[in-house]
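Visitor: Would you mind keeping the following structure in view while I ask a few things?
The values are calculated or read from the model by the stated rules, or taken from the named source; none is laboratory data. In this text the structure is predicted, and so the values were computed from the model without any measurement. Positions of Cβ are backbone-derived with ideal geometry, glycine not excepted, and every protein chain shown enters the neighbour counts. Surface accessibility is based on the protein's heavy atoms, side chains included, excluding ligands, DNA and RNA. Shrake-Rupley method; radii C 1.70, N 1.55, O 1.52, S 1.80 Å.
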Amino acid sequence: MDKPVIGLLHPGEMGAAVGQTLVTSGHEVLWLPAGRSEATAARARAAGLTEAGDLGDLVRRAEVILSVCPPHGALDIARQVAGAGFGGLYLDANAIAPATAREAAGIVEGGGATFVDGGIIGTPPVKPGFIRLFLSGVKAHEVSALFDGTPVTTHLVERDEVGAASAVKMAYASWTKGSAALLLAARALARAEGVEDALLAEWEQSQPGLVQRWDRAATAAAKKGWRWVAEMEEIAASMAADDLPAGFHQAAADIYRDPPAR
């Protein structure tokens, strides 16, 4: 049986890695080069992705569309795909709140597609165990089957409804990226008060490895912090929706919006 053609919107670092696993397993994976940077084009070429002429061309040829983009673009991509008349299987694998996932579902289902909620945990490169894809929704099993035999590990969330996979992603990132933002803020406070050396010495004594963790957090924030602003805002919205304090991650968004100097 022929493997379904897949459209990928849009191949950033993570999206290209996921797309590469699908190409390797025999799928044709389409992407849209129009308006994208040379860095994105280079990632797409390296991953073996196939250029589509425009969104209409991609929608006509693809049976499955994967949305893997910065969180602030998730709803806009859903609207574009729905407006283009896509009627296949749509996976939103963005770092968005459960309520945002349900909003995206309403948009794409209104256009005739079937929505699957996804949450990616992990990092490239494409090696077994590095990328885990959590899935929920009535056709989550169909998306899971696309990754059979690939380095991407899929997990079907027990709660089947849209929003459940996104909730896993939000809870996970609330700690990983949220605690990294707090670490950056802690050292920035010590620096502002003129006690940075004392803090670092105490970290070395009582919190082994924390200085190195700060260094990794600072490097990542300088490179990718702009992507995490909306993710922290989505986590804050998730917390607020469940009557939990949203301020932790609203503050984390501020940290990533303007990361402290190294």
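Visitor: Between helix 164-192 and the chain, what is the angle of the helix's C-alpha long axis to the longest principal axis, kept within 0 to 90° and rounded to the nearest 10?
Guide: So the inclination is approximately 30 degrees.
Visitor: Amide H to amide H, which residues 5 or more places from GLY53 or on other chains are under 5 Å from it, using H placed in the peptide plane?
Guide: Answer set, sorted by chain and number: LEU58.
Visitor: Given only helices, namely DSSP H runs of n ≥ 4 each adding -39500 (n - 2.57), what is the per-residue ellipticity at 222 nm of the chain, to the nearest 500 deg cm²/dmol?
Guide: It lands at -17500 deg cm²/dmol.
Visitor: Continuing with this model, one more query. Rounded to the nearest percent, how much of the accessible area of the chain (1.4 Å probe, protein heavy atoms only) is carbon and sulfur?
Guide: Using a 1.4 Å probe with all protein chains present, the chain comes out at 55 percent carbon and sulfur.
Visitor: Among ALA165, ALA217, VAL116, whose Cα projects farthest towards the positive end of the dipole of region 91-220, with charges put on the beta-carbon of Lys, Arg (+1) and Asp, Glu (-1)?
Guide: Ranked along the dipole, the leading option is ALA217.
Visitor: Oh, and also: Beyond 27 Å between alpha-carbons counts as too far, so tell me which of LYS3/LYS223; LYS139/LYS224; LYS127/LYS224; LYS3/LYS177; LYS139/LYS223 fall in that bin.
Guide: As for pairs spanning more than 27 Å Cα to Cα, those are LYS3/LYS223; LYS139/LYS224; LYS3/LYS177; LYS139/LYS223.
Visitor: Each label point is 7 Å from the Cα along the Cα-to-Cβ direction; what then is the distance between the points at ARG61 and SER37, in nm?
Guide: Modelled inter-label distance: 2.5 nm.
Visitor: Quick query: amide H of HIS155 versus all other amide H atoms, modeled in the peptide plane; which residues come in under 5 Å with a sequence gap of 5 or more or a different chain?
Guide: Placed amide hydrogens put LEU133, PHE134, LEU135 under 5 Å from HIS155.
Visitor: On to the next question. Give the residue list of GluC sites (Glu not before Pro) in region 113-166 that are DSSP loop and have at most 14 other beta-carbon atoms within 10 angstrom.
Guide: GLU158
Visitor: Sticking with this structure for a sec: Ranked highest first by the average count of other Cβ atoms within 10 Å around their residues, in what order do 13-26, 144-157 fall?
Guide: Averaged packing, sorted descending, gives the order 13-26, 144-157.
Visitor: Quick one: net charge of LYS3's neighbours, Cβ under 14 Å, K/R +1, D/E -1?
Guide: For residues surrounding LYS3, the net value is -4.
Visitor: Can you give me the C-alpha center-to-center distance between region 20-74 and region 76-97, rounded to a whole angstrom?
Guide: Rounded to whole Å, the Cα centres lie 13 Å apart.
Visitor: Return the whole-Å distance between the Cα centroid of region 185-250 and the Cα centroid of region 128-179.
Guide: Computed from Cα coordinates, the inter-centre distance equals 25 Å.
Visitor: Please report Rg over Rh for the chain, where both radii come from the alpha carbon positions and Rh follows the Kirkwood definition.
Guide: Checking Rg against Rh, the ratio lands at 1.01.
Visitor: Over region 4-158, average the accessible area per residue using a 1.4 Å probe and give it in Å², no decimals.
Guide: So region 4-158 comes to 39 Å² accessible per residue, rounded to a whole number.
Visitor: Considering amide H positions built from the backbone, and no H for Pro or chain starts, which residues 5 or more places from GLU28, or on another chain, come under 5 Å of its amide H?
Guide: For GLU28, the qualifying residues are ILE6.
Visitor: Additional query: Could you derive backbone 3J(HN,Hα) for region 248-256 from the dihedral phi with the Karplus parameters 6.51, -1.76 and 1.60 (θ = phi - 60°), listing whole Hz in sequence and x where the residue is Gly or Pro?
Guide: Along region 248-256, the couplings run 3, 8, 5, 5, 4, 4, 5, 4, 6 Hz.
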